[in-house]
Amino acid sequence: MVQVAVLEGVLERITYANEENGYTVARVDTGRSGDLLTVVGSLLGAQPGESLRMEGRWGSHPQYGRQFTVENYTTVLPATVQGIRRYLGSGLIKGIGPRIAERIVDHFGIDTLDIIEKEPGRLIEVPGLGPKRTKLIGAAWEEQKAIKEVMVFLQGVGVSTSIAVRIYKKYEDASISVVRNRPYRLAADVWGIGFLTADRIAQAVGIPHDSPERVKAGLQYALSQSADAGHCYLPEEQLIADAVKLLQVDTGLVIDCLAELAAEEEGVVREHVPGPEGGGTVPAVYLVPFHRAEISLAGQLLRLLRTEEDRLPAFRDVDWEAALTWLAGRTGADLAPEQREAVKLALSQKVAVLTGGPGCGKSFTVRSVVELARAKKARVVLAAPTGRAAKRLSELTGAEASTVHRLLELKPGGDAAYDRDRPLDADLVVVDEASMLDLLLANKLVKAVPPGAHLLLVGDVDQLPSVGAGEVLRDLLADGSPVPAVRLTRIFRQAQQSGVVTNAHRINSGVPPLTRGLPDFFLFAEEDTEEAGRLTVDVAARRIPARFGLDPRRDVQVLAPMHRGPAGAGTLNGLLQQAVTPARPDLPERRFGGRVFRVGDKVTQIRNNYEKGANGVFNGTVGVVTSLNNDEQRLTVLTDEDEEVPYDFDELDELTHAYAVTIHRSQGSEYPAVVIPVTTGAWMMLQRNLLYTAVTRAKRLVVLVGSRRALGQAVRTVSAGRRCTALDHRLGGAVRP
């Protein structure tokens, strides 16, 4: 048996970190030979400059020589002047960067940490440190100490530093008590902690495997996982089977706990609804927010449709020929018959849907609706789910457009400033990219539309459904839906000259795209997935900018079918960052987990955070890092809504790089050029609506990189099954075939 060894040293630098499994390669200074030693293992959360006490085993790597494999570690305070200087200058304590650390240690020497701990007021003795900075350093030290206690407690169950910090921020002094006594609360209260992490902690603190608390938490987790996959409910039989598999407990216990949950006010709701594939009803189990939202959304839509009030009365008996002739004079073009029908519908019906593919004139139709409404002095409100889509809508109509979140002024907790009791001041509400509206957001939006106002939802129903739960646009277009709709199908002549538009429609019809002889649509064939990943980077970072004069950061977007794998968004982001924003001595950077953030990085927000920015920053918001301050432990992102948003370093798990994003995350955005790796490595993800969505994100240029076989698979494969929703049923639509 190999003896467990102990190694102490200062963490000098992290050379590699995998944020998914925590595996880290780092170099430490043991202070003995002067050479740096390689350590490997789970060190996520440790920061350069910290002194570590590591337990593990010595070994030898055939390529890299002698190294130490870490099994667990704790941080210890350094004991030398050099160590203290490095520790304080590492950016660990907010307000102390390398220069300030130098001054403090020069003044207090080996007693520095004792002074900060016991007499922080004395820091004012250091030249250049005023009372404000002194107070900030003292408070930051105290917070670090408190967080360290929580971290030491959580170390034994493998919880990363970033999650320990979040637990501390949520519960502060009660952190250890909550973790020890009510660990399953963590999954509901703390972003980034799912049931599996909470369950690991619960087992470590002695909660029994068959505890009803555990089973109920597991049932709610299974439902939230299904919501993440787009479902508003799960059939009861499927939920029970999923929970038994997840929890490894008896079916009877799961059934009993489900009954208890259904009896609790904030537990779950059981109701019989038509099955997602037809054939009678199924007992459905909902998380409470989704059940409430589905009933509310259906009720609000029916209320809008049936009200006698009309805030656009001028269009009840308008002379449409005269109105459309006047419109043609304003816009310089006549509407096609389908477009005329859509314009009439939007202005005469209280709720209407306009759908259709690229090049079919949706944008011109929307502009026409807005022009006519404005001519009658109507108050028009324009919105879209993303900042980029709102910007595009604004450019198209010449009027201000905002994101749905900003329009409703969503507040911390997700409540909206505008709702049924305080509706929007609007006669006509137009929402573009409506395929992106999930159930919860659609419900908030429709609640805020005043009675008598008209609501026009515009989107391409053949694109991927929303990232969040529901299929709102598709449900509104279901057979028997009371919501009137127009589908534009005619491709206009100028759009027919675009290879991007032509191929989008070919893909949507199940026909392979043309990849030769077009000036704006290309295929770089490469069967090997890893090689296709490298080629994708070369095309996006070098070839397109050189040939088309496009900026690789601003104008070119890589859209990957999946996050993992050699041609997935995760790997490609690392390679694209090296190509577009490489490390430079004069460029500040900050490592967080497996990522390094630099000024100039293209980044995206990966959770809704109602506390950030003027009205929150939402999942999918894209921006560029404009500043990074290691002393203040903060970086700033300029978002695509032109808002500067600061992030403390302990919030960096909310950001990820966006040189490459998954196709799902690109919904609602348009880019001058898109590069799409289509490889056999993403075989299970390759579906027609995925490829169609990716291609329709491009304004000027599409480059596919990868395998012809994978491309064929994507075009042939129709998305499997419908999401579990009952909105069409609640609207009075026919049961699905």
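Structure above, values below:
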| quantity | calculated |
| --- | --- |
| Subset of the stretch 539-570 that is open to solvent by 40 Å² or more (accessible area, probe 1.4 Å) and assigned to a helix (DSSP H, G or I) - its residue that is nearest to residue 656 (Cα to Cα) | 542 |
| Test: residue 273 is hydrophobic (A, V, I, L, M, F, W, C), part of a strand (DSSP E or B), closer than 30 Å to residue 473 by Cα and modelled with pLDDT of 95 or more | no |
| Pick from the stretch 283-321, criterion among the hydrophobic types (A, V, I, L, M, F, W, C) and more than 32 Å from the chain's Cα centre (by Cα), ranking: farthest from residue 371 (Cα to Cα) | 305 |
| Every pair of residues 6+ apart whose Cβ atoms lie under 7 Å, when the first sits in the stretch 617-628 and is at positive phi while the second is open to solvent by 20 Å² or more (accessible area, probe 1.4 Å) and basic (Lys, Arg) | 620/665 |
| Any hit, the stretch 650-668, residues being open to solvent by 10 Å² or more (accessible area, probe 1.4 Å), over 17 Å from the mean Cα position of the chain (by Cα) and of a type outside the set (S, T, N, Q) | yes |
| Selection from the stretch 317-349 of residues that are of a type in the set (Val, Ile, Thr) and not in a loop (DSSP other than H, G, I, E, B) | 325, 331, 343 |
| All helices (runs of 4 or more DSSP H) inside the stretch 33-152 with 3 or more residues being within 29 Å of residue 652 (Cα to Cα), free of Cβ contacts under 8 Å to residues at least 60 places away in the same chain and of a type in the set (Phe, Trp, Tyr) | none |
| Criterion (under 21 Å from the mean Cα position of the chain (by Cα) and over 18 Å from residue 347 (Cβ atoms)) met by exactly one of 476, 440 | 440 |
| The stretch 272-289, residues that are more than 22 Å from residue 482 (Cα to Cα) and in contact (Cβ under 8 Å) with a residue 24 or more places away in the chain | 282, 283, 284, 285, 286, 287, 289 |
| Of the criteria (1) in a helix (DSSP H, G or I); (2) touching a residue at least 60 places away in the same chain (Cβ under 8 Å); (3) buried (at least 23 other Cβ atoms within 10 Å of the Cβ), which one residue 304 fails | (3) |
| Leading residue by the ranking (farthest from residue 359 (Cα to Cα)) among those in the stretch 321-344 that are crowded, with 16+ Cβ neighbours inside 10 Å and hydrophobic (A, V, I, L, M, F, W, C) | 323 |
| Tally of residues being closer than 18 Å to residue 404 by Cα, open to solvent by 50 Å² or more (accessible area, probe 1.4 Å) and either assigned to a strand (DSSP E or B) or of a type outside the set (Phe, Trp, Tyr) (or both) across the stretch 604-646 | 8 |
| Hits in the stretch 580-603 - residues which are crowded, with 19+ Cβ neighbours inside 10 Å, of a type in the set (A, V, I, L, M) and in a strand (DSSP E or B) | 603 |
| Residues located in the stretch 680-690, provided they are of a type outside the set (S, T, N, Q) and either open to solvent by 10 Å² or more (accessible area, probe 1.4 Å) or on the phi > 0 side of the Ramachandran plot (or both) | 681, 683, 684, 685, 688 |
| Within the stretch 90-138, considering residues that are open to solvent by 60 Å² or more (accessible area, probe 1.4 Å) and among the hydrophobic types (A, V, I, L, M, F, W, C), the one farthest from the chain's Cα centre (by Cα) | 110 |
| Among the residues listed as 293, 314, the single one being assigned to a helix (DSSP H, G or I), among the small types (Gly, Ala, Ser), closer than 26 Å to residue 445 by Cα and open to solvent by 30 Å² or more (accessible area, probe 1.4 Å) | 314 |
| Any hit, the stretch 29-36, residues being on the phi > 0 side of the Ramachandran plot and within 35 Å of the chain's Cα centre (by Cα) | no |
| In the stretch 700-735, the residues that are within 30 Å of residue 572 (Cβ to Cβ), among the β-branched types (Val, Ile, Thr) and at pLDDT below 90 | 717, 718 |
| Hey, residue 227 touching a helix residue (DSSP H, G or I) at 6+ places or on another chain (Cβ under 8 Å), without any contact (Cβ under 8 Å) to a residue 40 or more places away in the chain and open to solvent by less than 40 Å² (accessible area, probe 1.4 Å) or not | no |
| Number of the condition not met by residue 212 [criteria: (1) touching a helix residue (DSSP H, G or I) at 6+ places or on another chain (Cβ under 7 Å); (2) closer than 20 Å to residue 293 by Cα] | (2) |
| Number of the condition not met by residue 221 [criteria: (1) outside any loop (DSSP other than H, G, I, E, B); (2) surrounded by fewer than 19 Cβ atoms within 10 Å (Cβ to Cβ); (3) of a type outside the set (A, V, I, L, M, F, W, C)] | (2) |
| Subset of the stretch 570-599 (residues that are in contact with a helix residue (DSSP H, G or I) (Cβ under 8 Å, 6 or more places away or on another chain) and not basic (Lys, Arg)) | 571, 572, 575, 576, 579, 580, 592, 593, 596, 597 |
| Subset tally (residues that are in a loop (DSSP other than H, G, I, E, B) and more than 15 Å from residue 691 (Cα to Cα)) for the stretch 495-518 | 5 |
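For (1) within 25 Å of residue 149 (Cα to Cα); (2) under 38 Å from the mean Cα position of the chain (by Cα), each residue gets a yes or a no:
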| position | (1), (2) |
| --- | --- |
| 38 | no, yes |
| 50 | yes, yes |
| 60 | no, no |
| 65 | no, no |
| 70 | yes, yes |
| 80 | yes, no |
| 87 | yes, yes |
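The values are calculated or read from the model by the stated rules, or taken from the named source; none is laboratory data. A quick note: this is a predicted structure, and the numbers were derived from the prediction, not measured. Every residue, glycine among them, receives a Cβ derived from its backbone with ideal geometry; neighbour counts consider all protein chains shown. Just so you know, the surface numbers come from the protein's heavy atoms only, side chains and all, with ligands and any DNA or RNA stripped out. Shrake-Rupley method; radii C 1.70, N 1.55, O 1.52, S 1.80 Å.
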